[in-house]
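Structure first, then comments.
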Amino acid sequence: MPSTTTYRRGQVVVVNVPFTGQTGSKPRPALVASAESFHERLSDVIVCPISSQERYYRKPGPGDAPLQHWRSVGLRRPSTVRISNTLAVEKRLIKRVLGKLHSDDLDRVEQGLREAFGLA
């Protein structure tokens, strides 16, 4: 049964993100990428994990979107949205909402998503 909690595109949430190889998971920030109209009746929401690893922020690769306004959303360190690691997670695994991404950062992420899915 789908969650009754409402999530909106652009929200930064804390969710259990699986490790590469599916050997476990750890609570991590992630950006809600799917529109509410898409996921409102689903039990999953599409997210892009957010990494504070310096290598992604300083030298972003394809599918990386460094955040300019990371402090305003409640992140502790310079962080990067990893568009290349987009995944669907069950809404029940979302622990809490940290805040909403600044519109400038969200615009860059949305452009990256369009490029990743060939919609640009």
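Within region 56-83, residues that are among the aromatic types (Phe, Trp, Tyr) have Cβ atoms under 9 Å from residues that are buried (at least 16 other Cβ atoms within 10 Å of the Cβ) and part of a helix (DSSP H, G or I) in these pairs: Trp70/Tyr57; Trp70/Asp105, counting only partners at least 6 apart in sequence or on another chain.
Conditions tested, residue by residue: (1) farther than 20 Å from His39 by Cα; (2) small (Gly, Ala, Ser).
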position	(1), (2)
Ser72	yes, yes
Arg76	yes, no
Ile83	no, no
Thr86	no, no
Lys91	no, no
Leu98	no, no
Val109	no, no
Glu115	yes, no
Gly118	yes, yes
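In region 101-120, which residue that is modelled with pLDDT of 95 or more and in a loop (DSSP other than H, G, I, E, B) is nearest to Pro49 (Cα to Cα)? The qualifying residue nearest to Pro49 (Cα to Cα) is Leu101.
Within region 55-78, the set of residues being modelled with pLDDT of 95 or more, in contact with a helix residue (DSSP H, G or I) (Cβ under 7 Å, 6 or more places away or on another chain) and outside any strand (DSSP E or B) comprises Leu67, Gln68, His69, Pro78.
Residues in region 69-108 that are aliphatic (A, V, I, L, M), closer than 21 Å to Leu42 by Cβ and surrounded by fewer than 20 Cβ atoms within 10 Å (Cβ to Cβ): 4 in all. If the condition is being assigned to a helix (DSSP H, G or I) and touching a Phe, Trp or Tyr at 6+ places or on another chain (Cβ under 9 Å), then region 91-100 contributes only Lys91. Restricting attention to region 25-54, the residues that are touching a Ser or Thr at 6+ places or on another chain (Cβ under 9 Å) and not in a strand (DSSP E or B) add up to 7. Beta carbons closer than 8 Å, at least 6 apart along the sequence or on distinct chains, pair a first residue in region 89-116 that is in contact (Cβ under 8 Å) with a residue 12 or more places away in the chain with a second that is in a helix (DSSP H, G or I) and surrounded by fewer than 17 Cβ atoms within 10 Å (Cβ to Cβ) for Gly99/Ser72; His102/Ser72; Ala116/Ser84.
The values are calculated or read from the model by the stated rules, or taken from the named source; none is laboratory data. What you are looking at is a predicted structure, and each value in this text was computed from that prediction instead of being measured. Note that each Cβ is placed from the backbone with ideal geometry, even for glycine, and that neighbours are counted across all protein chains shown.
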